[in-house]
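S.K.: I'd like to ask you about the structure that follows.
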Amino acid sequence: MPWASKRQPDTGDGYEKRDANVRGLLLFGLGLAVVMVITFLAMKWTLEFLSAKSPLGPPAAPFANARRLPPSPRLQAYPHVDLSAYCEQQLSALNSYGWVDQQSGVVHIPIDRAMDLVLKQGFPARPESEMSPYDKQAIVPVGNVDALPPEGAAGQCKFVDEHPPVDYTK
């Protein structure tokens with residue numbers, strides 16, 4: 001084998017026959033001690049410099065502000081429960097009567113009832129004689145009642161997909 005050493009160590013006595021190099025060991029120990037002292041001094045100087053640059057302030061009291069909330073936005077522990085409660089609240093607002101501003105006399109009505117009223121009364125519009133040619137070109141048909149909702153229009157609560165299409169022609 002070309003990589004094997006030609007000279008094999010003597011394993012007959014079971015111990016080394018020469019002493020350790022005391023001078024080398026002492027120089028290594030002295031060098032290690034000098035490096036440690038320099039490192040400690042550099043750490044002390046760095047910590048003093050950083051303390052002077054940005055002081056920590058008064059020590060924290062253990063019971064002051066025991067329950068301080070983190071800054072916004074906060075993570076939700078149970079987001080599916082929060083979303084279902086939000087969707088129920090939105091659905092109840094869509095399907096109930098209530099005051100928006102009682103002093104001004106503004107109310108909200110169920111969405112189905114509002115659509116029925118709009119279909120019966122129609123939207124307020126200007127007469128065609130008052131419209132400019134540009135206004136006539138800008139009129140775009142909205143579609144019919146049987147049209148499918150666009151994809152992704154359901155939102156988080158899936159309001160569009162939840163109810164079957166309503167026939168408003170009756």
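The values are calculated or read from the model by the stated rules, or taken from the named source; none is laboratory data. The structure displayed is predicted, hence computed values, not measured ones. Note that we place each Cβ from the backbone using ideal geometry, even for glycine, and neighbour counts take in every protein chain shown.
S.K.: Would you pick out the residues in the range 60-109 that are closer than 20 Å to Gln156 by Cα and over 30 Å from the mean Cα position of the chain (by Cα)?
M.R.: Asn95
S.K.: For residues that are of a type in the set (S, T, N, Q) and at pLDDT 90 or above, tally how many sit in the range 37-63.
M.R.: The total comes to 2.
S.K.: Is it the case that some residue within the range 80-92 is exposed (fewer than 10 other Cβ atoms within 10 Å of the Cβ) and in a loop (DSSP other than H, G, I, E, B)?
M.R.: For the range 80-92, residues exposed (fewer than 10 other Cβ atoms within 10 Å of the Cβ) and in a loop (DSSP other than H, G, I, E, B): absent.
S.K.: Something else now. Go through (1) modelled with pLDDT under 90; (2) surrounded by 10 or more Cβ atoms within 10 Å (Cβ to Cβ) and name the single condition Ala66 misses.
M.R.: Checking Ala66 against (1) modelled with pLDDT under 90; (2) surrounded by 10 or more Cβ atoms within 10 Å (Cβ to Cβ), the one that fails is (2).
S.K.: I've got another one for you. If Val107 satisfies every condition in (1) part of a helix (DSSP H, G or I); (2) surrounded by 10 or more Cβ atoms within 10 Å (Cβ to Cβ); (3) not small (Gly, Ala, Ser) but one, which is the exception?
M.R.: (1)
S.K.: Go through the residues of the range 135-144 one by one and say whether even a single one is outside any helix (DSSP H, G or I), modelled with pLDDT of 85 or more and loosely packed, with under 11 Cβ neighbours inside 10 Å.
M.R.: no
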